[in-house]
Amino acid sequence: MLNLFLHAFLSFIAAFLIALLRVKTVNLSELATGFSGKAQTNSHYKRLQRFFRHYEMNYAEIAQAVVGLMAIPEPWVLSIDRTEWQFGDCTFNILMLGVVHEGVAFPLVWCLLDKPGNSNSFERMKLFNQFLERFGEREVACLVADREFVGKDWFGYLLSKPVTPFRIRIRENYKLNDGRQSLKVGGCVCRSTTWTNQDSASSTVLMGVLGVHCCLTIR
């Protein structure tokens, strides 16, 4: 009985992959048109629905497999971002961490936020901990992120061991403090330029966090 189940399961997976290559989309109604055989398209569609309704995919193993197949060289550049979109009455707010390779960010870990709007430091730290559990042995060059991903607790977390170098865009009204003076970022650099703090002899204070030596892009 088990052998029959495995045979049917593997046959479906093979047909599913072939259909995926044929139609080049993950839309189930279109994917159903790519199946061979005498069954009607509607039957293939319902079969796809049953499969994804009852089969729980191991996304951690999928991420490991993608990384292995891509052979992404180290050190890795990581990217954290959030996307929010509406589907009917449902709002999907997804926080995602990926590895950048040849200009494309490949998702490694992600979570659905149970709220609209920006993520907070706790949610980011929890996501990054998942990355460390699965890929902690990988060498990381830096983490890049947009202006949403700032905060004292978040920066403090990235600077704790193991230290994660980061390049995060910040708003021009944030203040930099080298112990002698405090200036708004907009007064230190020009718009649309990049400033790098390379003076290791002094500690920059950004949003109350000591020792932030990073690349800042002002926008």
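Taking segment 1-26, which residues are modelled with pLDDT of 85 or more, over 14 Å from residue 51 (Cα atoms) and not aliphatic (A, V, I, L, M)? Scanning segment 1-26 gives 22, 24, 25. Of all residues assigned to segment 74-92, none qualifies as being touching a Leu at 6+ places or on another chain (Cβ under 6 Å), modelled with pLDDT of 90 or more, more than 20 Å from residue 157 (Cα to Cα) and surrounded by 17 or more Cβ atoms within 10 Å (Cβ to Cβ). Residues in segment 119-154 that are of a type outside the set (S, T, N, Q), more than 21 Å from residue 59 (Cβ to Cβ) and either modelled with pLDDT of 90 or more or not assigned by TED's automatic domain parsing to the domain that holds residue 99 (or both): 122, 139, 141, 142, 144, 145, 146, 148, 149, 153, 154. Please verify whether segment 122-144 includes one or more residues that are buried (at least 18 other Cβ atoms within 10 Å of the Cβ) and assigned to a loop (DSSP other than H, G, I, E, B). No; the residues of segment 122-144 include none that is buried (at least 18 other Cβ atoms within 10 Å of the Cβ) and assigned to a loop (DSSP other than H, G, I, E, B).
One line per residue, one yes/no per condition, for (1) in contact (Cβ under 8 Å) with a residue 40 or more places away in the chain; (2) among the hydrophobic types (A, V, I, L, M, F, W, C); (3) over 17 Å from residue 132 (Cβ atoms):
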site	(1), (2), (3)
68	no, no, yes
74	yes, no, no
80	yes, yes, no
86	no, no, yes
89	no, no, yes
94	no, yes, yes
101	no, no, yes
105	no, yes, yes
109	yes, yes, no
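Quick check on my filter: what residues within segment 140-163 are in contact with a strand residue (DSSP E or B) (Cβ under 7 Å, 6 or more places away or on another chain) and of a type in the set (Asp, Glu)? If the condition is that a residue be in contact with a strand residue (DSSP E or B) (Cβ under 7 Å, 6 or more places away or on another chain) and of a type in the set (Asp, Glu), then 146, 148 are the ones that fit. Scanning segment 56-83 for residues that are among the charged types (D, E, K, R) and within 17 Å of residue 105 (Cβ to Cβ), which turns out farthest from the chain's Cα centre (by Cα)? Only one residue tops the list, namely 74. If we scan segment 190-213, do we find a residue that is at pLDDT 90 or above, in a loop (DSSP other than H, G, I, E, B) and among the acidic types (Asp, Glu)? Checked against the condition, which is being at pLDDT 90 or above, in a loop (DSSP other than H, G, I, E, B) and among the acidic types (Asp, Glu), segment 190-213 yields no hits at all.
The values are calculated or read from the model by the stated rules, or taken from the named source; none is laboratory data. These figures come from a predicted structure and were not determined experimentally. Neighbour counts are summed over all protein chains in view; Cβ atoms, including those assigned to glycine, are modelled from backbone coordinates with ideal geometry.
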